[in-house]
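Engineer: The following block contains the structure, expressed as structure tokens.
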Amino acid sequence: MFLVLRCPARIRAGALGDWDLAPGWYVYVGSARRNLAQRVARHRRLAESGEGRYHWHVDALLMHPDFRLERVETHPGADEHALLRETLRAPAAQVPVPGFGASDCRSGCPAHLVYLPPGSRKPPA
């Protein structure tokens, strides 16, 4: 999932607390082993309305008025951890909130959210 933030924003990421985020691209890598279409539809609804029930860390971004959901890509059968490692190899890629989206991760991922600052190359389509 690719989100863009055009101005500084403060989010509350559940038990991870409050975080100040900088403008730029945010790439969230998650998995939906079941009900992929329903999960993507839910993410889009939250992003469009800005309202809903908070369930996952990414909901804090989707419901925030300063974040815009740019696009969602699905890779059925792909390893989310491998996709995350690939995203983290991008020049200037950073982990903005340690543990974000990775509370149940057993692969040692620092987070499932990656930040790419303004001026860095736009995430691949």
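The values are calculated or read from the model by the stated rules, or taken from the named source; none is laboratory data. Keep in mind that what you see is a predicted model, and the values were worked out from it rather than measured. Cβ sites come from the backbone with ideal geometry, for glycine too, and all protein chains shown count toward neighbours. Side chains are part of the model used for accessible areas, which takes the heavy atoms of the whole protein and leaves out ligands, DNA and RNA. Shrake-Rupley method; radii C 1.70, N 1.55, O 1.52, S 1.80 Å.
Engineer: Taking only pairs six or more apart or across chains, which ones have beta-carbon atoms under 9 Å, a first residue in segment 86-105 that is without any contact (Cβ under 8 Å) to a residue 12 or more places away in the chain, and a second residue that is open to solvent by less than 30 Å² (accessible area, probe 1.4 Å) and not in a loop (DSSP other than H, G, I, E, B)?
Structural biologist: Within 9 Å, the pairs are Ala102/Leu84; Ala102/Leu113.
Engineer: Can you tell me which residue in segment 110-125 is nearest to Ala47 (Cα to Cα), limited to those that are crowded, with 18+ Cβ neighbours inside 10 Å and either of a type outside the set (Gly, Ala, Ser) or in contact with a His (Cβ under 8 Å, 6 or more places away or on another chain) (or both)?
Structural biologist: Residue satisfying both the conditions and the ranking: Leu113.
Engineer: Let me ask something else about it. Only residues that are under 14 Å from His57 (Cβ atoms), open to solvent by less than 40 Å² (accessible area, probe 1.4 Å) and not in a strand (DSSP E or B): list them for segment 1-28, please.
Structural biologist: Met1, Ala13, Gly14, Gly17
Engineer: Could you tell me which numbered condition Gln38 fails, if it satisfies all but one of (1) part of a helix (DSSP H, G or I); (2) closer than 16 Å to Pro110 by Cβ?
Structural biologist: (2)
Engineer: Follow-up. Which of the residues belonging to segment 58-84 are over 19 Å from Arg34 (Cβ atoms) and assigned to a loop (DSSP other than H, G, I, E, B)?
Structural biologist: Of everything in segment 58-84, those that are over 19 Å from Arg34 (Cβ atoms) and assigned to a loop (DSSP other than H, G, I, E, B) turn out to be Met63, His64, Pro65, Asp66.
Engineer: I need the full set of residues from segment 39-90 which are among the β-branched types (Val, Ile, Thr) and either open to solvent by less than 40 Å² (accessible area, probe 1.4 Å) or within 12 Å of the chain's Cα centre (by Cα) (or both), in order please.
Structural biologist: Those that are among the β-branched types (Val, Ile, Thr) and either open to solvent by less than 40 Å² (accessible area, probe 1.4 Å) or within 12 Å of the chain's Cα centre (by Cα) (or both): Val40, Val58, Val72, Thr87.
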